[in-house]
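The values are calculated or read from the model by the stated rules, or taken from the named source; none is laboratory data. This one's a predicted model, so the numbers in the text were calculated from it and none came from an experiment. Note: ideal-geometry Cβ built from the backbone for every residue, glycine included; neighbour counts use all protein chains shown. Accessible surface areas use protein heavy atoms only, side chains included; no ligands, DNA or RNA. Shrake-Rupley method; radii C 1.70, N 1.55, O 1.52, S 1.80 Å.
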Amino acid sequence: ADKEVCQNDPAVVIGTAPGGSGGTSPYLTLWTPAASLTGAATATPSASTATVGTIDYMLQVTDAKGCIANDTVKVKVNPLPTVTITTSPADSICLGGSTTMTAAGAAGTPGYTYDWGSTTNAANTVSPTTNTTYNVTVTDTKGCKASASRSIKVNPVPVANAGTSPFSRVNCAGDSVQLGTSSIAGNTYSWSPSTGLSSSTVAMPWAKPTVTTTYNLTVTNASNC
């Protein structure tokens, strides 16, 4: 029977033991072409799967009386697919955030399925809490498979500390109070509103509002968290 396999599968055995009614043992077997066969002079040689394509192997059996019979078997080696993974928005996220990894198969026989372990969709949205590597296996319509992996880095979120509350020390118009806590290298600071502040971009600005005001602090670290 004809054989269909994937590239780099284990060598495929072709042929059966020769014989049958009318023949006289012993039998001499010869397979051609022999270049990609192991045991080409045996009844059941092994065909290599290293090269993509279709090869027709011809078997010639000669019995002890010199009678000859021929048969052929077709071995088709299908190409392995490839798979790539893209991420959106990025391979690096902030703790508590998420990113979507999308797998795409190619090069094999179109009609791909995907297996991430947790989902069989091409797209896999993840929210890891530590650096994590994800693996996906793609299978084409011929059953040939390929795998790929991608790592997601999880960056810590900075602490935003606007200072000790409540700020009830400003009792009179013209009084001022210092907000925030000491700066941390690599962090940037943004206060809003900027009204009444000595600076809206330092860790510890002086506030001198003319009316009761709530100031909000946003801290961004070097990882943009």
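Is one or more of the residues making up the stretch 184-207 β-branched (Val, Ile, Thr), surrounded by fewer than 13 Cβ atoms within 10 Å (Cβ to Cβ) and at pLDDT below 85?
no
Residues to consider are Thr164, Thr137, Thr218, Thr125; find the one that is in a loop (DSSP other than H, G, I, E, B) and β-branched (Val, Ile, Thr).
Thr164
Residues that are surrounded by 12 or more Cβ atoms within 10 Å (Cβ to Cβ) and within 36 Å of the chain's Cα centre (by Cα): find the strands (runs of 3 or more DSSP E) completely inside the stretch 1-111 holding 3 or more of those. So that I can check it myself, show each step before the final result.
Working: elements: 3-6, 28-32, 53-62, 68-78, 82-88, 92-94, 99-106.
Once the strands (runs of 3 or more DSSP E) in the stretch 1-111 are filtered for at least 3 residues that are surrounded by 12 or more Cβ atoms within 10 Å (Cβ to Cβ) and within 36 Å of the chain's Cα centre (by Cα), what remains is 3-6, 68-78, 82-88, 92-94, 99-106.
For the structure I just gave you, tell me whether Thr100 is among the hydroxyl-bearing types (Ser, Thr, Tyr) and in contact (Cβ under 8 Å) with a residue 12 or more places away in the chain.
Numbers: among the hydroxyl-bearing types (Ser, Thr, Tyr): yes; in contact (Cβ under 8 Å) with a residue 12 or more places away in the chain: yes.
Judged against the criteria, Thr100 is a match.
Please verify whether Leu179 is at pLDDT below 95 and surrounded by 14 or more Cβ atoms within 10 Å (Cβ to Cβ), treating the condition exactly as stated.
Details: at pLDDT below 95: yes; surrounded by 14 or more Cβ atoms within 10 Å (Cβ to Cβ): yes.
Yes: the conditions hold for Leu179.
Give all pairs with beta carbons closer than 8 Å in which a residue from the stretch 43-69 that is in contact (Cβ under 8 Å) with a residue 40 or more places away in the chain meets a residue that is assigned to a loop (DSSP other than H, G, I, E, B) and among the β-branched types (Val, Ile, Thr); count only pairs at least 6 apart in sequence or on separate chains.
Pairs found: Ala47/Ile14; Tyr57/Ile14; Asp63/Thr24; Ala64/Thr24; Lys65/Thr24; Cys67/Thr24.
Which of (1) part of a strand (DSSP E or B); (2) touching a residue at least 60 places away in the same chain (Cβ under 8 Å) is the odd one out, the single condition Val159 does not satisfy?
(1)
Looking at Thr139 and the list (1) open to solvent by 70 Å² or more (accessible area, probe 1.4 Å); (2) in contact (Cβ under 8 Å) with a residue 40 or more places away in the chain; (3) among the β-branched types (Val, Ile, Thr); (4) closer than 30 Å to Lys3 by Cα, which single condition is not satisfied?
(1)
Mind checking which pairs have a first residue in the stretch 105-134 that is under 21 Å from Lys153 (Cα atoms) and a second that is in a loop (DSSP other than H, G, I, E, B) and open to solvent by less than 30 Å² (accessible area, probe 1.4 Å), Cβ under 6 Å, 6 or more apart or different chains?
If the second residue must be in a loop (DSSP other than H, G, I, E, B) and open to solvent by less than 30 Å² (accessible area, probe 1.4 Å), the pairs left are Asn124/Trp116.
It is to be established whether one or more residues within the stretch 145-155 are out of contact with any helix residue (DSSP H, G or I) (no Cβ under 7 Å at 6 or more places or on another chain), not aromatic (Phe, Trp, Tyr) and not in a strand (DSSP E or B). Walk me through it before giving the result.
Step one: list which residues in the stretch 145-155 are out of contact with any helix residue (DSSP H, G or I) (no Cβ under 7 Å at 6 or more places or on another chain), which gives 145-155.
Next, only the ones that are not aromatic (Phe, Trp, Tyr) stay: 145-155.
With the extra rule that they be not in a strand (DSSP E or B), the set shrinks to none.
Looking for residues that are out of contact with any helix residue (DSSP H, G or I) (no Cβ under 7 Å at 6 or more places or on another chain), not aromatic (Phe, Trp, Tyr) and not in a strand (DSSP E or B), one finds none in the stretch 145-155, hence no.
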